[in-house]
Amino acid sequence: MLRISVRFLLGSLILLPLACSHKPTKAINGQFDTTPVRVSFADLENKLAQLTGQPYLLNFWAMWCAPCVKELPELVEIAREYEGEGLLLITVNYDLMVAVEDVEAKIAQLVDFQKMRDFPYPVLVYDEDDYDLINKAMGLPGPVPVTLAIDATGREVARTESSADAARFREMALAALYPETPRKGASSP
């Protein structure tokens, strides 16, 4: 009887943490995880500066933007396809651009959005009143979606200032990963 109790106890101790835990967010490059986080312009600049040596796609989007939401599955598909080669996907969310009464509720909505759409990538929620600052500094047109391809040296090697499809995201991923390789039909900024 004691033997069964010990086995049960050991089994419970092993399984209990698994049953009570939620899936942890994965750290990316030691600084990003997949939980949406509010950032100022200075925070965003600092986080992106720390990515030197890392190719990535940088996508600007919002949940209220239908073209943004529509393109996300294909963006995620390409990010997954090339993550083994070292490509990261970082997103900057503009949902706080529109007046929000409860910021924490909006962040919770973003978490739910990520879960429902299987979107396990960093969401940096831009939290500044001055969108002209980020647009001017990054050469953004204002409307989203916008996606930038950044190579390992931190240089922008491609951009799309509207919604894109998997073929375009693939071109951008390859441009970020292999910027010196000529590609037929690829455009640069």
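We did not get these values from a lab; they are worked out from the coordinates using the rules stated. For clarity, every value in this text was computed on a predicted model and none was experimentally measured. Every residue, glycine as well, gets a Cβ built from its backbone with ideal geometry; the counts of neighbours run over all protein chains shown.
Annotations
- Three-way shape call for the stretch 24-177 based on the alpha-carbon gyration tensor, with the a/c threshold at 1.5: rounded
- The magnitude of the dipole of the stretch 24-177, with charges of +1 and -1 set on the Cβ of Lys/Arg and Asp/Glu and taken from the Cα centre, is near 340 debye.
- Dipole-positive endmost among Leu140, Ser40, Met97 within the stretch 39-172 (Cβ charges, Cα centre): Leu140
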